Amino acid sequence: MADTEPYVREDVRAFLALLEAAGGPPLDEVSLEEARAGYQALHDMADAPARDLAVIRDLSCPGPAGDIALRLYDSRESRGPGPVICFYHGGGFVIGDLNTHHNLCTEIAHQMDLPVVAVDYRCAPEAPFPAAIEDCVAATRWVAGSPTELGRPATGLVPIGDSAGGNAAIVVTQALMREAAAVPVILQVPIFPLASDWAKSQSVVDFAEGFVLTRAGMEFFEANYKPDKDDWRAMPILGDHAGTPPAVLVTASLDPIRDSGRDYGAALSNAGIDHVFIEVKGGTHSFSNLRQAVPSYQKDLDYVFAAMKMMLARHG
């Protein structure tokens, strides 16, 4: 815990007390199957219900190790050319999938009135680093090519993701700067992302346990994902930020990897990149998937969408 008591919202405090009372073993003391089931159960219990949409359709695209499962979300049955949002789920590159973030993806599609393509990348330990990133890049390139299966010509890409998916949003953006896709990234939206080495940060000391994501959880994810911390695809803070597309960057004040996101914001500022920085005060990691259990988180997500719309109006 930090030396001075951190600000915690009342509904966040109630939810944290509920989690503490529920107990349960940490991630590193259960099987991989139990960890994945527990992640799904948390979102089933705590996230807001899925939105009704005109289109929710499973697709697939070619990937470096076989077909990649995708899911298309759209509030309209058909639409003309425009931006397409590419979503990469959280879960430390280990425990998430299309279903853990289904409700959130329906919310994004509903609020933004843009098509969303969620990517079911390969996870560790079955497929360690950089498999997940390779799949995210491949799928995003496929979307950029406006395949007939998508039915919506893409004029620009908006990579977005939470936690590990926030890392992927940054890395995909950097990868498509290095080797252009059919259409450009016009906005990146990393939400409580891992951008620099979390293990060296003060926030992981201050919020090591008791705030949804724990230090032990991060160690579990890293042990399974096996990232090369000297590789920009694992630590995108090492990439070249000059000329990178604009961003909406989101962190949470009670997040053990908060400082990693702040590091990325500083890198964008130092490179003169137009971006909006939002820190969810008194909130935790995973706030975007806990909106029913913590009602105030819906307003935070609404702010993110408002920032995205503003930035797309400026740069889209």
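Subtract the Cα-Cα distance of residue 226 and residue 314 from 0.36 nm times their separation in residues, and report this length gain in nm to one decimal. Working shown, then result.
Numbers: separation 88, 0.36 × 88 = 31.68 nm, distance 3.83 nm.
Gain on stretching residue 226 to residue 314: 27.9 nm.
Please go through segment 267-316 and write out the trypsin sites (Lys or Arg not before Pro) that DSSP classes as loop and that have at most 14 other C-beta atoms within 10 Å.
Details: sites: 281, 291, 299, 309, 314; in loops: 281, 291.
Those satisfying the criteria are 281.
State to the nearest 20 debye the size of the charge dipole of segment 119-217 about its Cα centre, where the only charges are +1 on K and R beta carbons and -1 on D and E beta carbons.
On the way: 6 positive and 10 negative charges, 48 e Å.
For this selection, approximately 240 debye.
Once you order the gyration tensor axes a ≥ b ≥ c over the Cα atoms, which shape class does segment 10-315 get: rounded for a/c under 1.5, otherwise prolate or oblate by comparing a/b with b/c? It would help to have the intermediate numbers written out before the result.
Working: a/c = 1.36, a/b = 1.27, b/c = 1.07.
Taking the square roots of the gyration eigenvalues as a ≥ b ≥ c, segment 10-315 is rounded.
Rounded to the nearest 20 debye, what is the charge dipole size of segment 10-315 about its Cα centre when +1 sits on each Lys and Arg Cβ and -1 on each Asp and Glu Cβ?
Numbers: 23 positive and 40 negative charges, 192 e Å.
Dipole about the Cα centre, nearest 20: 920 debye.
Angle between the Cα long axis of helix 10-22 and the longest principal axis of the chain, 0 to 90 degrees, nearest 10?
70
Under a crude label model (7 Å from the Cα following the beta-carbon direction), how far is residue 281 from residue 99 in nanometres?
It is 3.9 nm.
Relative to the first principal axis of the alpha-carbon coordinates of the chain, what is the inclination of helix 102-112, with its axis defined by its Cα atoms, in degrees from 0 to 90 and to the nearest 10?
60
Would you mind getting me the FRET efficiency between residue 19 and residue 65? Use the beta-carbon distance for r and R0 = 45 Å, nearest 0.05. If you can, show how the numbers build up before the last one.
Values: r = 36 Å, r/R0 = 0.80.
Here the calculated transfer efficiency is 0.80.
In deg cm²/dmol, rounded to 500, what helix-only [θ] at 222 nm does the chain give when every DSSP H run of at least 4 residues adds -39500 (n - 2.57) and the total is split over its residues?
Working: 9 runs with 116 residues, N = 316.
Roughly -11500 deg cm²/dmol at 222 nm, from the helical runs in the chain.
How much length is gained if the chain between residue 270 and residue 298 is pulled fully straight, taking 0.36 nm per residue apart and subtracting their Cα-Cα distance, in nm to one decimal?
7.0 nm
Tilt of helix 32-46 relative to the longest C-alpha principal axis of the chain, in degrees (0 to 90, nearest 10)?
For helix 32-46, the angle is close to 90 degrees.
Each reported figure results from applying straightforward, stated rules to the coordinates on display, with no laboratory input. Keep in mind it's a predicted model, so treat the numbers as computed, not measured. Counting neighbours? That spans all protein chains shown, and the Cβs are built from the backbone with ideal geometry, glycine included.
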